[in-house]
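Accompanying notes for the structure given below.
The values are calculated or read from the model by the stated rules, or taken from the named source; none is laboratory data. Predicted model, so just to flag it, every value in this text is computed and none were measured. Reconstructed Cβ throughout: ideal geometry from the backbone, glycine too, with neighbour counts over all protein chains shown. We work out accessible area using only protein heavy atoms, side chains counted, and drop any ligands, DNA or RNA first. Shrake-Rupley method; radii C 1.70, N 1.55, O 1.52, S 1.80 Å.
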Amino acid sequence: MAAAATATVALTASFDNSVGLWTLADGSVRWLEGHRAAVKAVAFLPPDGAVSAGDDFAVILWDLAAATPTHRLEGHQGSVADVAVSPDGTRIASAGWDGKIGLWRTDGTLERWLTGHDGAVNAVAFVDDATLASASADGSLRLWSVEEGAERGVLARHGFAINVLAVDRAAGWIAYGAVDGGTRVLALADGATLADLTAGRRPILALARSPDGADLAIGDGEGHVMVVETAGWTTVADSLVAARGPVWALSFSDGAHLVAGGIDDSAAIVARAGTQAPVLGTVQRPFLVPPAEMDNGERQFQRKCSVCHTLTGDGERRAGPTLAGIFGRRAGAVAGYRYSDMLAASDIVWTADSLGALFDLGPEHYVPGSNMPMQRITDAGDRHDLIEFLRQHTE
Ligand code: HEC
């Protein structure tokens, strides 16, 4: 869902509550464990650390050599969608869906909250050591004075939620990508539009500037990565890199390569020219049958559950517990899985009826306080087919 890369290593934030630390030379990965829900953002914290944030409302600082968390920064009251580190490496900013921006020191203490957005804050980026840019579901892009903790002003108002930001202070521009596909480059000085890169695909989920500033890469919900040369804002590459869904994350590892992260648990290295180079590392899904060849129950499972659950209990990593043996099982009973208190204490037994109710009402109503994301399957036929599929494949 987010990525950061240097010439030799890449960090990826993943749905399965972990941060991946990839060695680019051989594609090997170490998993950093500490978040209690999906990880949404990750950044390097020089000289040898990292910072990540996620749906557990927490920001975590990591010692990368030891692959262990060093500080847990708490105080956000919603998912934390983005983190940024100031160029001088002394401050961290966090973007909260509670509408707040956290400014933290690298020893884990809170410096202050920046408030003013009228909606979830989706992205933060340091323009320089003294200036932070933020983007929000309220459609605004704002600049803040870090020292004074004061808003400097609204640089842009886009009619739709802005998801992502990329900045080049030396060149004087800031780019944003929005939920409606809007992708614009603005002058930092006055907010004037320098380029409109909107390509009609939505939403825009990732933006990355190459270290030398020569390129801007744009990833969208339809699986494309577009590379634009910043000298004249011309598109030099545009390719479909994630056949199975959105490009959540992009980061240049060097001038020639990009790391792209998608929903298929892989981090793909994409050459700058846009051709897809060998995939860096993958965790294969148990089924890779095209959706058209699946029956409805399997399709329901693949689309709505498989990101977070396996059927076999073979130890593959997911955010949710395995569904192997789910029928007749008491809720919260998979050994070694860290359930929410609510589910662990529940006396639900999973049957066709209770599974049906779970998705008829939605987990937030059926098991209030559970960590399972909001999701309802309103069509009784779809629920039936899904449950039949589960019955056949979880024994
Ligand atoms: C984005 C991740 C995610 C998706 C998608 C998801 N789940 Fe879950 N699921 C979870 C998590 C996390 C838990 C554990 C919740 C807790 O501890 O409160 C869970 C728990 C469960 C449980 C209870 C398991 C037990 O051992 O008690 C069942 C049953 C379940 N999910 C079924 C499904 C089905 C069926 C789908 C698809 C329709 C689905 N889930 C989609 C994350 C997900």
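If the requirement is being assigned to a strand (DSSP E or B), modelled with pLDDT of 95 or more and open to solvent by 20 Å² or more (accessible area, probe 1.4 Å), which of these qualifies: ARG184, ARG142? I'd like the intermediate steps shown before the answer.
Working: ARG142 fails: open to solvent by 20 Å² or more (accessible area, probe 1.4 Å).
Unique residue meeting the criteria: ARG184.
So is ASP190 in a loop (DSSP other than H, G, I, E, B) and touching a Pro at 6+ places or on another chain (Cβ under 9 Å) or not? So that I can check it myself, show each step before the final result.
On the way: in a loop (DSSP other than H, G, I, E, B): yes; touching a Pro at 6+ places or on another chain (Cβ under 9 Å): no.
When the stated conditions are applied, ASP190 does not pass them.
Within segment 193-215, restricting attention to residues that are more than 24 Å from the chain's Cα centre (by Cα) and part of a strand (DSSP E or B), which residue is nearest to GLY153 (Cα to Cα)?
Looking only at segment 193-215, we keep the residues that are more than 24 Å from the chain's Cα centre (by Cα), and these are 193-196, 212, 214.
Narrowing further to those that are part of a strand (DSSP E or B): 193-196.
On the way: THR193: 17, LEU194: 19, ALA195: 21, ASP196: 22 Å.
Of everything passing the filter in segment 193-215, THR193 is nearest to GLY153 (Cα to Cα).
So how many residues does segment 87-130 have that are in a loop (DSSP other than H, G, I, E, B), under 23 Å from ALA249 (Cα atoms) and in contact with a Leu (Cβ under 8 Å, 6 or more places away or on another chain)?
Here is the first cut: in segment 87-130, the residues in a loop (DSSP other than H, G, I, E, B) are 87-90, 97-100, 106-109, 115-120, 129-130.
Among the residues that remain, those that are also under 23 Å from ALA249 (Cα atoms) are: 87, 89, 97-100, 119-120.
Then drop every residue that is not in contact with a Leu (Cβ under 8 Å, 6 or more places away or on another chain), which leaves 89, 100.
Summing the residues that are in a loop (DSSP other than H, G, I, E, B), under 23 Å from ALA249 (Cα atoms) and in contact with a Leu (Cβ under 8 Å, 6 or more places away or on another chain) in segment 87-130 gives 2.
Among the helices (runs of 4 or more DSSP H) lying completely within segment 298-395, list those that include at least 1 residues that are more than 6 Å from the ligand (Cβ to nearest atom), open to solvent by less than 30 Å² (accessible area, probe 1.4 Å) and over 27 Å from ASP55 (Cα atoms).
Details: elements: 341-345, 352-361, 363-366, 380-393.
In segment 298-395, 380-393 are the helices (runs of 4 or more DSSP H) which contain 1 or more residues that are more than 6 Å from the ligand (Cβ to nearest atom), open to solvent by less than 30 Å² (accessible area, probe 1.4 Å) and over 27 Å from ASP55 (Cα atoms).
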